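Visitor: Handing you a structure now.
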Amino acid sequence: MATPSDKKQTKIQVKYEDMTARYANQVVLTTGQEEVYLDFSSGLIPDQGQGFATLPIHTRIAMTGGGLRRLYQVLGQLLTKPEPGATASTDQAK
């Protein structure tokens, strides 16, 4: 039986194609037969003349169900960590 120390570690180098960060205030989630699409937008643009608003999508990410589950797990772990500077109990302030 292999132990964790017996596994060969693979080094990974991350290479960014584009370092531009875009702010997303809204996301539209669409599902296909085998993929999930995340469409990101910075927000609604109202059109008073036409009487409706437009949601411009600047980025679309397609993921498999397994990839989405892993993202969900990582985000869940991140959100359960205490925020920097937050106290664990209000009793400490007394």
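Since every read-out is calculated from the coordinates, none of them should be taken as a lab result. A quick note: this is a predicted structure, and the numbers were derived from the prediction, not measured. Counting neighbours? That spans all protein chains shown, and the Cβs are built from the backbone with ideal geometry, glycine included.
Visitor: Using a basic spin-label model with each label point 7 Å from the Cα along Cα→Cβ, how many nm lie between Leu71 and Gln48?
Guide: 3.7 nm
Visitor: Please report the base-10 log of the normalised intensity I(q)/I(0) for segment 23-81, using a Debye sum with one equal scatterer per alpha carbon and no solvent, at each q in 0.19 (1/Å).
Guide: At q = 0.19 Å⁻¹ the computed log10 ratios are -0.79.
Visitor: Give a residue-ordered list of calculated ³J(HN,Hα) values for segment 60-76 (Karplus: 6.51 cos²θ - 1.76 cosθ + 1.60, θ = phi - 60°; whole Hz; x for Gly, Pro).
Guide: 3J(HN,Hα) across segment 60-76, in whole Hz: 10, 10, 10, 9, 7, x, x, x, 5, 4, 5, 4, 4, 5, 5, 5, x.
Visitor: Could I ask something else about it? Sorting Asp47, Asp18 on the 10 Å Cβ count, fewest up front, what's the list? Spell out each step's value before the answer.
Guide: Values: Asp47 10, Asp18 6.
The most exposed by this proxy come first: Asp18, Asp47.
Visitor: To make sure I understand, if each residue's beta carbon is the centre and we count other beta carbons within 10 Å, what order do Phe40, Phe52 fall in, fewest to most?
Guide: Final ranking by Cβ density, sparse to dense: Phe52, Phe40.
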